[in-house]
């Protein structure tokens, strides 16, 4: 696709468009690299002093297959395609990765119907997955407890921060700039120009793509959009298995999701650089970047608590939500949840690992925004919901955002 033409060309000829991309997470950098490759002049603006410091740099490094998502949704289509394109990119750029497959484990007979629903969903989404007996499951994961399991072959693991560094290098190789320590406070479209108010003064560009993650709805509203969903931050707390117990997990072991709760439950995932992650749970974060209980920003907490959708979500998930809170407070309970999948894991087998915060968009009625959500205004495109599996699907989302951007420019 040819670069978008600048509308303010004085000589009437097409020229290279200057595009600002807000955010240096994997979606922002994948989009920036794609635009830079086609010839646009790209400026990436990141408020922090490092790249990929939030959702991208704090997840478990899994390349997802698209197993859980509604057939035909962006998540289902882009995750399935992304499982291939992300690993292909890693091979091309020499980034650590491995296609491990994963095991979803029913540990009780009551969970088997849910597991079989997942198997049907895999078939609907065109994902290679097979139901296994307990003995067959132990051929893949010798230490799991299973009455039945689902083996998903497309799942893998990868070094997402390394992917981000590679994408940033591509932006620079094609003449773009990645500028850290620069927060974008608002954007205003005036004719053929987008004026950006930043912490370092004003920037003028031809168009904007906002991939601001935890702050995406705030920037959208300050830039003239009126999204009907709000970001509510949920902290996911992780542990790692101590080295002596890493042998208990060969690849990825997941529970059957609780249909009453909108998250996947704690699971065990081997890292591409060694070690085994355990988690995450899901509790309300007390700040948009609230990685610990003591990280509290009163104004941001007030924004979450003022959103009716949070209270309606909580009312529908009282029991599982209480379990998440209890597990957050007790390493023993955290270990007990993991031991349902792999018996023998004890509290002393867990070492603390960095937490993450999921930028989850919630509707006013308390329903989670189920799919990737993008809204546009003249010369502006805003990503308003891109939680997992956005890292897996980042290259596919970037292609979608390119089309949205060209439509927004007109």
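A few comments on the model shown:
- Angle of helix 112-124 to the longest C-alpha principal axis of the chain, folded into 0 to 90 degrees and rounded to 10: 40°.
- Remark on the stretch 163-312: Rg and Dmax equal 20.1, 62 Å (Cα only).
- Set of the stretch 271-286 residues, backbone N closer than 18 Å to the point 7 Å along the Cα-Cβ line of residue 305: 283-286
- Potential lengthening between residue 329 and residue 153 on full extension [0.36 nm per residue; Cα-Cα distance subtracted]: 59.9 nm
- Cα-Cα pairs of the chain separated by more than 26 Å (percent): 54 percent
- Helix 394-409 vs. the chain, principal-axis angle (Cα, 0 to 90°, nearest 10): 30 degrees
- Rounded D (µm²/s) - the stretch 321-368, Kirkwood Rh over Cα pairs, Stokes-Einstein at 37 °C, 0.692 mPa s: 256 µm²/s
- At 0.692 mPa s and 37 °C, Stokes diffusion of the stretch 38-107 via Kirkwood alpha-carbon radius, µm² per second: 218 µm²/s
- Here is the tail figure for the stretch 248-383: Cα pairs spaced more than 20 Å apart come to 55 percent of all pairs.
- A Stokes-Einstein calculation at 4 °C with viscosity 1.567 mPa s, built on the Kirkwood radius of the stretch 281-361 over Cα pairs, returns a diffusion coefficient of 91 µm²/s.
- Distance between the modelled labels on residue 244 and residue 186, one decimal in nanometres: 5.9 nm (7 Å Cα→Cβ projection).
- Label-point separation in nm, residue 179 to residue 367, each point 7 Å along Cα→Cβ: 4.1 nm
- Theoretical FRET efficiency, 1/(1+(r/R0)^6), r = Cβ-Cβ of residue 226 and residue 109, R0 51 Å, to 0.05: 0.60
- Extension gain, residue 197 back to residue 258 (0.36 nm per residue minus Cα-Cα distance, nm): 17.6 nm
- Estimated inter-spin distance, residue 93 and residue 399, nm [label 7 Å along Cα→Cβ]: 1.7 nm
- Rounded to the nearest 10 degrees, the inclination of helix 26-37 to the longest alpha-carbon principal axis of the chain is 40 degrees.
Computed from the coordinates by the stated procedures, all read-outs in this text should not be read as laboratory data. Keep in mind the model is a prediction, meaning the values are calculated, not measured. Positions of Cβ are backbone-derived with ideal geometry, glycine not excepted, and every protein chain shown enters the neighbour counts.
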